[in-house]
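**Student:** For reference, the structure I am asking about is given below.
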Amino acid sequence: MNLLICLETGLREIAAHKFRSFLSMLGIVMGVSSLIAMMALTAGIEKGTRAFMQQIGGLEFVSIQNKEISNALFEFWNLSPGRTLMDARALMAAVPNVSHVSPEMSHGALVASEFGSDRKGVRGVWPGHYVVARHELAAGRFITDVDGDQASRSAVIGDDIAKKLWPALSPTEVIGRTMTINQSPFVVVGVLVRYEREQDKRMRTILAAQNKQRAGQPMRGRGSGRGDPFRGKNESVFIPLSTMFYEFKSGLFPDDSVETVKLETLSFRVADLGAFRETLEQVRRTLDVTHRGVDDYDLETREEWFDRMEQSIAATRLSGGLIAVISLFVGAIGITNIMLASITERVREIGIRLAVGAKGRDIFMQILIESVSVAFIGGIFGVAAGGVLIQVLIIVAPTENVPVMTIGSVLFSVAFAIVAGIVSGIYPAMRASKLDPIEALRYE
Amino acid sequence: MSLVFLEDVKKSYRIGDQEIRALDGVSLRIEEGEFLAIIGPSGSGKSTLMHLLGCLDTPSSGRMEICGRDLSSATADMLADVRNRELGFVFQAFNLLPKLDVVRNIELPLIYSGISKNERRARAEEVARSVGLGERLANRPTQLSGGQCQRVAIGRALVNRPRILFGDEPTGNLDSSTGEMILEMFRQLNREGKTVVLVTHDPDVAAVTKRVIEIRDGRIRREYKP
């Protein structure tokens, strides 16, 4: 007996008992739709997390941290100059796989315009900082090499600072205006884009839509709450590193040159992640030279942090998937139950089929394919219901990560429903195929 | 070579701890082209004999060969194969599938012999016409009279060109004139060379055949020509 006839017979049977078939499908529909929704939710969280990882500089970002020197080496402490511009130049020169280096000197200062002022950490940077920290500009340009060579009085500011100093102006209008840093005038040459999490971004658009008269107005103060990972970026004030030294540091460290004054931050970007380990090793060897063999620094990578994020994504996926699989399993039991009832009702039919020459395996296939058909149709409905469920989730929780329904998750869910159909059909099919033809023909 | 060859066939059942001997040493030969009736009251073992001849069951002991195949200890699949290719059944209660139309009911055995859809349809329709149901191909059993149902059943029994045609009380559920018509069909089939075995308790039915075997208490009590 070929599969096509089994399928035809199965579909005929499903069509003949629409309500019963619907009931037995219901469990699969719910199981598949929850599986789809779960997978879409985790995919959404994953996407949001990855976007966040990108925005904070990605895996390529490595920072060089100061380390407490061990007691045994304490007398050598003085030998090391610490993190200086020498390190930055040495890394650029000696490690080809380091694409950009970002040394930083920072200084707490009063930043002000004619409209507002605030105390902020002003950071003196190289042009490479733009790449290392993955900044994006809303308007203007970043600090350039020329700025550095000339120690120009140029500043690039974050969105929050721009809003604070010129509340009424757009980023483009801020370009070319003069601000003061500790009373020294600086020209704003660039404004960074507003960094915000997906949630905040959507919350803002929703509020804007709800509040027509305020639509388009900047959402001041948003995103500066606790736990906002982009607060630092939005409150940045960047000036050339050389300017920073001559303007604010040379007075503090009169014995130092720009080359020897200690940096507050030193980070770099790895060009090719494939050679990540080797690159770190080369960086260490280079820094050992500039630090005169004193082990007073650490390389801090994002690996562990990202690994933890990946782990939590995997855990979410696993627990969500488990719940959905349990509900699919319940659905499968439902099919088994109804198939058992259905074969009891069809004992005589099975007897007749056996009498005209059906073999046990023909009957087995017939029942199995029927239950797989039920599960498959249920799976298709489940995909549709899952799509609806996702829309409901978006409406109910608009500020969370957008669930992402992928082709893969659809195929996986339907395949899973088919497996559930096979599993649920095996026992009833076995029962049916083991019927004795004489008994079955006598059955009333 | 006999079509059916039984030698000292016994069949016993267990009900609880009691053993019931349904057949107690039956030997029987049926040749190609015979028209045969097996009669006996209920409980005589004639149904058991019919189940063995119809390859629905195997004997507890003894030799059983049907259409040249030794089925004394056949597997379920071997029996199913013989039922499918060599035998045709007509039951008292018609035993049609109520959800299928006439053609689909008739083609049922062909499905299990793996015959292609087009050929199945063609053969089923041809057989349906030959049993006088050419106008009713798309009807379901519930839309047919008893006599028409039994003709569908005969069509189904014949569609795979079996060597033996069994009728188990084929007229039991029919009024006498319709029953007469069905018996006439069996007689006609036998005239065309088909081996026909009827199982009945009705002497009038047995009377249309050429050889009668009477079963009592699990044995062949006597054999005669009507």
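**Student:** I'd like to know if region A:288-307 contains one or more residues that are assigned to a helix (DSSP H, G or I) and within 14 Å of another protein chain (Cβ to nearest Cβ).
**Tutor:** no
**Student:** Any chance region A:369-388 includes a residue that's in contact with a strand residue (DSSP E or B) (Cβ under 9 Å, 6 or more places away or on another chain) and within 14 Å of chain B (Cβ to nearest Cβ)?
**Tutor:** no
**Student:** Let me ask you something else. Taking the condition of being basic (Lys, Arg) and closer than 18 Å to residue A:93 by Cα, how many residues in region A:257-272 meet it?
**Tutor:** Of the residues in that region, 1 qualify.
**Student:** Cβ-Cβ below 7 Å, separation at least six or inter-chain, first residue in region B:172-193 and over 12 Å from residue B:131 (Cα atoms), second buried (at least 20 other Cβ atoms within 10 Å of the Cβ) and of a type in the set (A, V, I, L, M): which pairs?
**Tutor:** Cβ pairs passing all conditions: B:174/B:182; B:183/B:205; B:190/B:196.
**Student:** Follow-up question, since we're still on this one. What number goes with the only condition from (1) in a helix (DSSP H, G or I); (2) open to solvent by 50 Å² or more (accessible area, probe 1.4 Å); (3) touching a strand residue (DSSP E or B) at 6+ places or on another chain (Cβ under 6 Å) that residue A:123 does not pass?
**Tutor:** Single failed check for residue A:123: (1).
**Student:** Related question: Sort out which residues of region A:1-14 are open to solvent by 50 Å² or more (accessible area, probe 1.4 Å), closer than 20 Å to residue A:345 by Cβ and either away from chain B (no Cβ under 14 Å) or over 45 Å from the mean Cα position of the chain (by Cα) (or both), and write them in order of number.
**Tutor:** Matches in region A:1-14: A:8, A:12.
**Student:** Then there is this: Can you tell me which residues in region B:98-125 are within 22 Å of the chain's Cα centre (by Cα), within 9 Å of chain A (Cβ to nearest Cβ), in contact (Cβ under 8 Å) with a residue 24 or more places away in the chain and open to solvent by 10 Å² or more (accessible area, probe 1.4 Å)?
**Tutor:** Passing the criteria: B:98, B:100, B:112, B:113.
**Student:** Under 9 Å between Cβ atoms, which residue pairs at least 6 apart in sequence (or on different chains) link something in region B:36-49 that is free of Cβ contacts under 8 Å to residues at least 40 places away in the same chain and assigned to a loop (DSSP other than H, G, I, E, B) with a partner that is open to solvent by 60 Å² or more (accessible area, probe 1.4 Å) and not aliphatic (A, V, I, L, M)?
**Tutor:** B:43/B:217
**Student:** A follow-up question, please. Looking only at residues that are part of a strand (DSSP E or B) and open to solvent by 60 Å² or more (accessible area, probe 1.4 Å) in region A:47-67, which one is nearest to residue A:81 (Cα to Cα)?
**Tutor:** Checked region A:47-67; the qualifying residue nearest to residue A:81 (Cα to Cα) is A:66.
**Student:** Additional query: Sort through A:140, A:82, A:116 and tell me the only one that's touching a strand residue (DSSP E or B) at 6+ places or on another chain (Cβ under 9 Å) and closer than 30 Å to residue A:187 by Cβ.
**Tutor:** Just one listed residue meets the conditions, A:140.
**Student:** List, please: which pairs have Cβ atoms under 9 Å, are six or more places apart or on different chains, and start with a residue in region A:250-267 that is assigned by TED's automatic domain parsing to the domain that holds residue A:128 and touching a residue at least 40 places away in the same chain (Cβ under 8 Å) and end with one that is part of a loop (DSSP other than H, G, I, E, B) and of a type in the set (Ser, Thr, Tyr)?
**Tutor:** Note: pairs meeting the criteria are A:258/A:250; A:259/A:84; A:260/A:84; A:261/A:84; A:261/A:250; A:262/A:84; A:263/A:84; A:266/A:84.
**Student:** Still on this structure: Listed residues A:324, A:332, A:341, A:314; which is over 42 Å from the mean Cα position of the chain (by Cα), away from chain B (no Cβ under 14 Å) and either part of a helix (DSSP H, G or I) or over 18 Å from residue A:415 (Cα atoms) (or both)?
**Tutor:** Matching residue, one of A:324, A:332, A:341, A:314: A:341.
**Student:** Counting residues that are within 14 Å of another protein chain (Cβ to nearest Cβ) and open to solvent by 30 Å² or more (accessible area, probe 1.4 Å), which strands (runs of 3 or more DSSP E) fully inside region B:126-226 reach at least 1?
**Tutor:** B:164-168
**Student:** Please work out if residue B:83 is surrounded by fewer than 23 Cβ atoms within 10 Å (Cβ to Cβ) and either at the interface with chain A (Cβ under 9 Å from one of its Cβ atoms) or farther than 23 Å from residue A:434 by Cα (or both).
**Tutor:** no
**Student:** Scan region B:69-115 for residues that are of a type in the set (Gly, Ala, Ser) and more than 18 Å from residue B:51 (Cα to Cα) and jot them down.
**Tutor:** Listed by number, the residues that qualify are B:113, B:114.
The values are calculated or read from the model by the stated rules, or taken from the named source; none is laboratory data. Predicted, not measured: the structure shown is a model, and the values here were computed from it. Virtual Cβ from ideal backbone geometry, glycine too; neighbours counted across all protein chains shown. For accessibility, only protein heavy atoms count, side chains too; no ligands or nucleic acids. Shrake-Rupley method; radii C 1.70, N 1.55, O 1.52, S 1.80 Å.
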